[in-house]
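The values are calculated or read from the model by the stated rules, or taken from the named source; none is laboratory data. Keep in mind the model is a prediction, meaning the values are calculated, not measured. As a convention, Cβ positions derive from the backbone with ideal geometry for all residues, glycine included, and neighbour counts pool all protein chains shown. Just the protein is used for accessible areas: all its heavy atoms, side chains included, with ligands, DNA and RNA removed. Shrake-Rupley method; radii C 1.70, N 1.55, O 1.52, S 1.80 Å.
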Amino acid sequence: MHTRRIGDVEVSAIGLGGMPMSIEGRPDEARSLATIHAALDAGVTLIDTADAYHRDAHEVGHNETLIAKALACHDLGKDVLVATKGGHLRPGDGSWTLDGSPRHLKEACEASLRRLGVEAIGLYQFHRPDPRVPYAESVGAIRDLLDEGKILMAGISNANPERIGQANEILGGRLVSVQNQFSPAFRSSEPELRLCDELGIAFLPWSPLGGISRAGELGSAYAPFARVAEAHGVSPQQVCLAWMLAKSPVVVPIPGSSRPETIRDSLGAVDLVLTAEEIAELDAV
């Protein structure tokens with residue numbers, strides 16, 4: 001497995017996104033555990049989760065609990081960086097709400113610590129800006145958690161360039177990651193990716209294959225990805241992830257998966273070398 005860095009931690013060049021294993025349409029627990037274990041067996045050392053990755057109102061943190069269980073019963077579990085997030089909520093009716101207040105973020109972090117069964121969270125990220133709370137106050141709470149040793153590294157998600165700079169300043173230059181949506185269908189985070197490249201901050205594309213319901217349609221929706229895939233004898237999804245990896249050494253995609261075979265296929269992208277012509281063709285989509 002090829003590796004990249006988040007802060008001072010070396011991680012697999014592609015991580016596993018846990019959300020599909022806990023929200024609507026999720027598989028049974030046995031298949032989810034098998035998916036996580038397949039990722040570990042293939043060399044994954046980064047798993048992304050959030051306290052909001054659950055389906056029903058009474059099961060906040062379902063995905064964190066699932067991941068903790070999977071890691072505890074695998075020999076390689078101790079080598080994994082678990083990245084979780086706080087500040088997004090799911091009332092249980094399918095909607096998403098926000099609470100970026102410092103009080104909530106600190107309480108959410110404590111709850112995540114308990115569910116993950118750790119003394120300090122490896123990477124904790126502010127999930128999404130809350131328009132009712134000044135951004136500086138929300139990130140200030142993340143800084144406090146970092147200073148208190150509750151978290152070992154700090155990141156932000158769904159942030160524009162201005163907020164990346166603001167967060168890094170508030171954190172005293174200790175911002176290690178930015179997690180934004182980025183895929184062939186969603187290219188508006190290119191400026192954030194470039195800024196992260198300049199600053200040496202890890203950029204974690206979420207929904208890199210277009211989202212849970214559309215990942216399988218990538219090749220049919222974007223013909224160049226299908227053409228390049230056919231030329232290499234691989235899936236369009238592998239081509240997509242290899243294209244992202246080629247953009248910058250700070251990029252660490254976190255494709256979501258709920259089946260062992262899909263995460264194994266995604267991980268093949270680390271060994272797929274695209275030509276400059278192919279990358280240019282995909283960039284032009």
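Every test in (1) open to solvent by less than 10 Å² (accessible area, probe 1.4 Å); (2) over 30 Å from L199 (Cα atoms); (3) among the aromatic types (F, W, Y) is passed by W243 save one, and that test is (2).
Consider region 49-91 and keep the residues that are open to solvent by 50 Å² or more (accessible area, probe 1.4 Å) and among the basic types (K, R). The one that is farthest from S12 (Cα to Cα) is R55. Filter region 36-48 for residues that are surrounded by fewer than 24 Cβ atoms within 10 Å (Cβ to Cβ) and touching a helix residue (DSSP H, G or I) at 6+ places or on another chain (Cβ under 6 Å); which is farthest from R90 (Cα to Cα)? Looking at residues that are surrounded by fewer than 24 Cβ atoms within 10 Å (Cβ to Cβ) and touching a helix residue (DSSP H, G or I) at 6+ places or on another chain (Cβ under 6 Å), I get A42.
Residue by residue, here is whether (1) touching a residue at least 40 places away in the same chain (Cβ under 8 Å); (2) farther than 21 Å from P205 by Cα; (3) of a type in the set (A, V, I, L, M, F, W, C) holds:
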residue	(1), (2), (3)
W96	yes, no, yes
G100	no, yes, no
A108	yes, yes, yes
R114	no, yes, no
V133	no, yes, yes
S138	yes, yes, no
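Among the residues of region 140-160, those identified as over 18 Å from the mean Cα position of the chain (by Cα) and open to solvent by 50 Å² or more (accessible area, probe 1.4 Å) are R143, D147, E148, K150. Within region 168-189, being open to solvent by less than 40 Å² (accessible area, probe 1.4 Å) and over 16 Å from I6 (Cα atoms) holds for I170, F182, S183, P184, S189. Under the condition of being within 18 Å of P205 (Cβ to Cβ) and open to solvent by 60 Å² or more (accessible area, probe 1.4 Å), the residues counted in region 248-271 number 1. Which of the residues belonging to region 92-139 are among the small types (G, A, S), closer than 21 Å to E169 by Cα and surrounded by 18 or more Cβ atoms within 10 Å (Cβ to Cβ)? The answer is G100, G122, S138.
From the list L282, L274, L209, which residue is crowded, with 19+ Cβ neighbours inside 10 Å and closer than 18 Å to M19 by Cα? Being crowded, with 19+ Cβ neighbours inside 10 Å and closer than 18 Å to M19 by Cα holds for just one of L282, L274, L209, which is L209. For region 119-144, the set of residues classified as more than 21 Å from A68 (Cα to Cα) and touching a Cys at 6+ places or on another chain (Cβ under 9 Å) consists of A141, I142, listed by residue number.
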